Amino acid sequence: MRGRIGLFVTAAAPALLALAAAAHDVPQGRLFFTDNDAPVLRVLDLDDGRVTHELPVEKASARLVGLSGGEYLAASLGDEAGTIRFLDTGLVFEEHGDHRDVEKSEPRLLPLRLTGVKPGHVVEGEGGVAVFYDGGRQPRVDAVAHVVELATLAEPAPRLGRWRSPGPQHGIAVPMRDGRLLVSTPNPAYVAGEKEASSLPIGFRVLDAGGAVLAELDRPDDPARRCRGYHGHAARGELHLFGCFMKQEGHPLSDGGVLLVRDTPAGVETRKLDYPDDRRTSTLSWGGGRWAVGNYGRPGEYRAFLRIDPDAAALSPADVMPVAGGQIVCQFVVSGDRLVGLTPDGTLRLYEVASWREVASRPVVAPFDCTWNAPMRPELVRMGERVYVSDPAEGAIHELSLVDLALLRRLEVGGKPTRMAAPDVH
């Protein structure tokens, strides 16, 4: 793998198909999910529809993040210690041009455990994965990013790097080429303890492998390169997109655009795409096509989608699409130039991003609370030409076609399945 980790390196069951499905020419691999009530991580074999493994974890409904082309995933357990663990998925891939064959061995939880205050974003890039802990103000605990070299993840002492923020923040760290690391800059007012100050960062800095500052993307006199109130990140190759705060007169984090950061051998290049109005994006998804897509609105009121062409000169009102029925944006994934969104009424909708045309819609689950940490919340993930929706109320996972949302299988897994990760074998 490319890149190296710098910054103070140390050594460190039963499942039945309710609907018949056509035989798969390409192995489907595995789906990993956790349970709303039980402290387990379950493994669903998608080729025969059976739950094959149950791995004990510290707490129910752990959040899962797929890593490294399907070989590993991270599990944020949500316990008091802020534990994040890593799983070897037991999937071994062999490239065959238009697809990857997959062999299956025993999945296993790896020895490495990371702990800290308020675990947040887990971001992979350039052979490393950065785990960000936000820290807190009472008592003061500065944010910390741990960077793990993926090639060593399964070793007894994985190679780790560590960066300490100059204060607490709800931030991010992004591994870049040649051991560089992009890190967010905390809001000084929040660090100082001002009661109404936001925990969101005021921009970024790029550090070399030794922690020296290579680029300042947080200068107050350089609005074209900063990203106040950052939340939301997506990447395609060397290009990274970050959602910045909206334009709001008198607000200390007023910004108004999406920051584009290109990670080149000579350093980072940046430019800004202004929002078409006074709303913002805070969650971004990019599925390999022309457009990234983000939610769009005001904090707590994201009721539209925003498509982002990184090669465009500007964003326009035509790039905005309201959510059906005035609902909030809940969960969505992008695959190529198509968008699949799950709304709180339990309906899955498929759109062509280029035209914002709705291609198909299908009720999948009962209406639910879309709050990010709500119990019994269904989750949407994509794998290849399929999407999966967990249904904790019914003890099932629904498999649908990404072409037309046809229901392919209802996988009866039991329990109350919630969080999922789907390594892509295609």
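Taking the criterion of being among the basic types (K, R) and in contact with a Leu (Cβ under 8 Å, 6 or more places away or on another chain), the only residue of region 144-173 that qualifies is R162. Among the residues of region 38-60, those identified as closer than 29 Å to G125 by Cβ, open to solvent by less than 30 Å² (accessible area, probe 1.4 Å) and either out of contact with any Phe, Trp or Tyr (no Cβ under 7 Å at 6 or more places or on another chain) or at pLDDT below 95 (or both) are L46, L55, V57. The set of residues in region 301-325 that are surrounded by fewer than 19 Cβ atoms within 10 Å (Cβ to Cβ) and over 27 Å from V389 (Cβ atoms) comprises D309, P310, D311, A312, A313, A314, S316, P317, A318. If you go through region 216-254 and keep only what is closer than 23 Å to S285 by Cα, in contact with a strand residue (DSSP E or B) (Cβ under 7 Å, 6 or more places away or on another chain) and not in a strand (DSSP E or B), you end up with A224, R225, R226, C227, R228, Y230, H231, G232, E238, C244, F245, M246.
The condition of being more than 18 Å from L64 (Cα to Cα) and assigned to a strand (DSSP E or B) does not hold for R419. Summed over region 115-130, the residues that are closer than 18 Å to R180 by Cα and open to solvent by less than 30 Å² (accessible area, probe 1.4 Å) give a count of 7.
Within region 216-243, restricting attention to residues that are small (G, A, S) and under 18 Å from V123 (Cβ atoms), which residue is surrounded by the fewest Cβ atoms within 10 Å (Cβ to Cβ)? Residue satisfying both the conditions and the ranking: G237.
Of the residues making up region 131-160, just one is surrounded by fewer than 23 Cβ atoms within 10 Å (Cβ to Cβ) and of a type in the set (S, T, Y), namely T152. Looking only at residues of region 255-268 that are in a strand (DSSP E or B) and either modelled with pLDDT under 95 or touching an Asp or Glu at 6+ places or on another chain (Cβ under 8 Å) (or both), we find that the one that is most open to solvent (accessible area, probe 1.4 Å) is R262.
Surrounded by fewer than 21 Cβ atoms within 10 Å (Cβ to Cβ), within 22 Å of S76 (Cβ to Cβ), at pLDDT below 95 and out of contact with any strand residue (DSSP E or B) (no Cβ under 8 Å at 6 or more places or on another chain) - does that describe any residue in region 404-426? No, the conditions are met nowhere in region 404-426. For the condition of a type in the set (A, V, I, L, M), at pLDDT 95 or above, open to solvent by less than 10 Å² (accessible area, probe 1.4 Å) and farther than 22 Å from G384 by Cβ, A75 qualifies. Taken together, the residues in region 174-215 that are closer than 22 Å to G135 by Cα and assigned to a loop (DSSP other than H, G, I, E, B) amount to 14. If the condition is being under 21 Å from D404 (Cα atoms), outside any strand (DSSP E or B) and open to solvent by 50 Å² or more (accessible area, probe 1.4 Å), then region 326-377 contributes D337, D345, A354, S355, A366.
Count of region 364-397 residues, restricted to those that are within 18 Å of A60 (Cα to Cα) and touching a Gly at 6+ places or on another chain (Cβ under 6 Å), is 1. The residue pairs whose first member lies in region 357-375 and is closer than 17 Å to V387 by Cβ, whose second member is open to solvent by 100 Å² or more (accessible area, probe 1.4 Å), and whose beta carbons are closer than 8 Å, counting only pairs six or more residues apart or on different chains, are V365/E394.
Restricting to region 269-290, name every residue that is farther than 22 Å from V340 by Cα and open to solvent by less than 30 Å² (accessible area, probe 1.4 Å). Across region 269-290, the qualifying residues are L273, Y275.
All conditions in (1) open to solvent by 10 Å² or more (accessible area, probe 1.4 Å); (2) in a loop (DSSP other than H, G, I, E, B); (3) at negative phi hold for P168, with the sole exception of (1).
One residue is enough: does region 385-401 have a residue meeting the conditions touching a Ser or Thr at 6+ places or on another chain (Cβ under 7 Å), open to solvent by 40 Å² or more (accessible area, probe 1.4 Å) and over 23 Å from H96 (Cα atoms)? No. Sort out which residues of region 281-308 are assigned to a loop (DSSP other than H, G, I, E, B) and farther than 16 Å from C244 by Cα, and write them in order of number. Scanning region 281-308 gives G287, G289, R290, W291.
Across region 91-114, what is the number of residues that are open to solvent by 80 Å² or more (accessible area, probe 1.4 Å) and within 21 Å of the chain's Cα centre (by Cα)? Total meeting the criteria: 1.
The values are calculated or read from the model by the stated rules, or taken from the named source; none is laboratory data. Here the structure is a predicted model, which means the values were calculated and not measured. Heads up, the Cβs are rebuilt from the backbone with ideal geometry, glycines too, and the neighbour counts pull from every protein chain shown. Ligands, DNA and RNA are stripped out before the accessible areas are found, and what is left, the full protein with its side chains, is counted by its heavy atoms. Shrake-Rupley method; radii C 1.70, N 1.55, O 1.52, S 1.80 Å.
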